[in-house]
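S.K.: The structure under discussion is supplied below as C-alpha cells; questions concerning it will follow.
FYI, it's all coordinate maths here, none of it is from the lab. In this text the structure is predicted, and so the values were computed from the model without any measurement. Backbone-built Cβ (ideal geometry, glycine too); neighbour counts: all protein chains shown.
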Amino acid sequence: MANTKKYILTGVILGSIATVAAGLIAVTNLVTEKKIIENEQNKINAGIKDIFGENSLVKEEKDLDNNKYTVHYYEVNNSSDDFLGYAFKCEGSNMYGKISLIAGFDATSHNFMSLYLVKNEQTYASTLVENYITPLNANDRKLDEVNCGATYGAKLVRDMVNEASLVANGLWK
C-alpha cells in the first residue's frame, strides 16, 4: 500500500511538471509567433531588394500550388511602377537539412538573375554558400555546376531554381 501511494504521488508530480512545461511552451509560442513571421517576411523583402535593387517594391504576391519547391511568387516593380521581374520563394529539404530561398528572374531577358537564401539549415551550409551560392550570384559559376563540397545542397538549390524558371516561363506567356 505504501508503494502504491509512492507511485501515484510520483505520477502526479511528473504529470504536473509536464503540464506546467507544456503551458510555458504554449505561452512562449503565442508571444513569439508573430515576431517569427515578421522576421521571415523581412528576410524575404531584403532578398528581393538584394536581387532587384533598393528601389524595388513588391506589387503583387501569390501563393502557388502543385509545385515541389516553388511555393510563392512576387511581382516586383521599381518606384516608378516599371515591371522588373518575378521573385519566387522556394522551399526544399534533403537528408542534410532545409533550404528556403528567393530566386529572381529578369523581366527583360526572362533569365535567372540571382538568389538569396532565406533559410539555410544544411549540414554543410557555409561550404554551400562559399563554393556554390556566392560564385553563382557573381556569375562565376553556372547553375548546373553543382560539384562544390556540398553537392547535395547545390543540387537542391539547382532543382529549386530550375522549377522556379519553369513557373516563370508560364507567367511570361
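S.K.: Using +1 on the beta carbon of Lys and Arg, -1 on that of Asp and Glu, and nothing else charged, what's the dipole of the chain about the Cα centre, debye to 20?
M.R.: With Lys and Arg at +1 and Asp and Glu at -1, about 920 debye.
S.K.: Given contacts defined as C-alpha pairs under 8 Å and at least six residues apart, what's the relative contact order of the chain, whole-number percent?
M.R.: Computed over the chain, the figure is 15 percent.
S.K.: Rounded to the nearest 0.05, what FRET efficiency is calculated for K43 and A21 with R0 set to 30 Å and r the Cβ-Cβ distance?
M.R.: The formula returns an efficiency of 0.50 here.
S.K.: On to the next question. Of all the C-alpha pairs in the range 24-80, what % are more than 13 Å from each other?
M.R.: Percentage above 13 Å: 70.
S.K.: How far is helix 2-52 tilted, in degrees, relative to the longest principal axis of the Cα atoms in the chain, given as a value from 0 to 90 rounded to the nearest 10?
M.R.: That helix lies at roughly 10 degrees to the long axis.
S.K.: Quick check: residue separation of T123 and D50 times 0.36 nm, minus the Cα distance between them. What number comes out in nm?
M.R.: 23.8 nm
S.K.: Can I ask one more? Within the range 64-101, which residues have the backbone N less than 13 Å from the label spot 7 Å out from D159 along Cα→beta-carbon, could you tell me?
M.R.: Backbone N within reach: 68-70, 91-99.
S.K.: Starting from the Cα of K59, step 7 Å along the direction of its Cβ; do the same at V12; then give the gap between the two resulting points in nm.
M.R.: 6.8
S.K.: Shifting gears a bit: Given the rule -39500 (n - 2.57) for each run of at least 4 DSSP H residues, summed and divided by the residues of the chain, what is its mean residue ellipticity at 222 nm, to the nearest 500 deg cm²/dmol?
M.R.: -16000 deg cm²/dmol
S.K.: Same structure, new question: Place a point 7 Å from the Cα of K68 along the Cα-to-Cβ direction; which residues of the range 145-169 have their backbone N under 12 Å from it?
M.R.: Once the point is set 7 Å along Cα→Cβ of K68, 155-164 turn out to lie under 12 Å by backbone N, inside the range 145-169.
S.K.: Provide the convex hull volume over Cα atoms per residue for the chain, in Å³.
M.R.: 159
S.K.: Could you compute the FRET efficiency for H110 and N147, with r as their C-beta to C-beta distance and R0 at 22 Å, rounded to 0.05?
M.R.: Computed FRET efficiency for H110 and N147 comes out at 0.20.
S.K.: Please name whichever of N39, G97, L143 sits farthest to the positive end of the charge dipole of the chain, dipole taken about the Cα centre and charges placed at Cβ: Lys and Arg +1, Asp and Glu -1.
M.R.: The one lying farthest along the dipole's positive direction is G97.
S.K.: Among V129, F112, G53, whose Cα sits farthest toward the positive end of the charge dipole of the range 43-172 (+1 at Cβ of Lys/Arg, -1 at Cβ of Asp/Glu, about the Cα centre)?
M.R.: Checked the options; the winner is V129.
S.K.: I'd like the distance separating the alpha-carbon centroids of the range 14-33 and the range 159-173, in whole Å.
M.R.: 43
S.K.: Now for a different question. Among the lysines in the range 43-172, how many pairs, 8 or more places apart or on different chains, have alpha carbons under 14 Å apart?
M.R.: 12
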